[in-house]
Amino acid sequence: MRSLIVKYIAELILLVTTTFAVYLLLRGHDEPGGGFAAGIAATLGILLQAVATGFRETRRRLEGLLRPAWGLGMVLAVGAAVAHMATGAPFFTHFHAEATLPGSGLTLSTALAFDLGVFLVVVGSAAAAFAALSEAARW
């Protein structure tokens, strides 16, 4: 039987790490951060959740979100990297739009799409690794 206190604190920490991951993701193409750092932050929250509630419970709750993450992330990352090659621009040429979210200063670009793709690949890969390890360990 798992402690309710640990379970609820893990839920709170998952919320905090997910919020921090979104922050890292959105500022990463202009300042330190980005998709990889955001993916690691989100993965640490998910791992703590798995330790607190059990891998099977975490897998049951998040499997529908994490299963397609890796494939969608690869499509986004590769798509953002090659998007402008059709116009004759070099590989990894990014397009920046002037659209900003009010009060955020966030500039939309293909670099953000690339970072989002990397984020999804990191989280999806880590979730698959944890799922495989949990099956092997029979937690």
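Points worth noting:
- Matching residues, segment 44-86, being polar (S, T, N, Q) and surrounded by fewer than 21 Cβ atoms within 10 Å (Cβ to Cβ): T53
Here's the yes/no breakdown for (1) out of contact with any Ser or Thr (no Cβ under 6 Å at 6 or more places or on another chain); (2) of a type in the set (S, T, Y); (3) within 23 Å of D115 (Cα to Cα):
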{"residue": "S3", "(1), (2), (3)": "yes, yes, no"}
{"residue": "T18", "(1), (2), (3)": "yes, yes, yes"}
{"residue": "L24", "(1), (2), (3)": "yes, no, yes"}
{"residue": "T58", "(1), (2), (3)": "yes, yes, no"}
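- Test: L108 is at pLDDT below 75 and surrounded by 14 or more Cβ atoms within 10 Å (Cβ to Cβ): yes
- Options E57, E31: the member that is assigned to a loop (DSSP other than H, G, I, E, B) and at pLDDT below 85: E31
- From A69, A77, residue being closer than 23 Å to L15 by Cβ, aliphatic (A, V, I, L, M) and modelled with pLDDT of 80 or more: A69
- Residue check for E63: closer than 19 Å to F114 by Cα and charged (D, E, K, R): no
- The residue that is farthest from R56 (Cα to Cα), among those in segment 1-39 that are loosely packed, with under 15 Cβ neighbours inside 10 Å and among the β-branched types (V, I, T), is V22.
- Scanning segment 43-52 finds no residues that are part of a loop (DSSP other than H, G, I, E, B) and within 13 Å of the chain's Cα centre (by Cα).
The values are calculated or read from the model by the stated rules, or taken from the named source; none is laboratory data. None of the values given here were measured: they were computed from a predicted structure. Methodologically, a virtual Cβ is constructed for each residue, glycine included, from the backbone with ideal geometry; neighbour enumeration extends over all protein chains shown.
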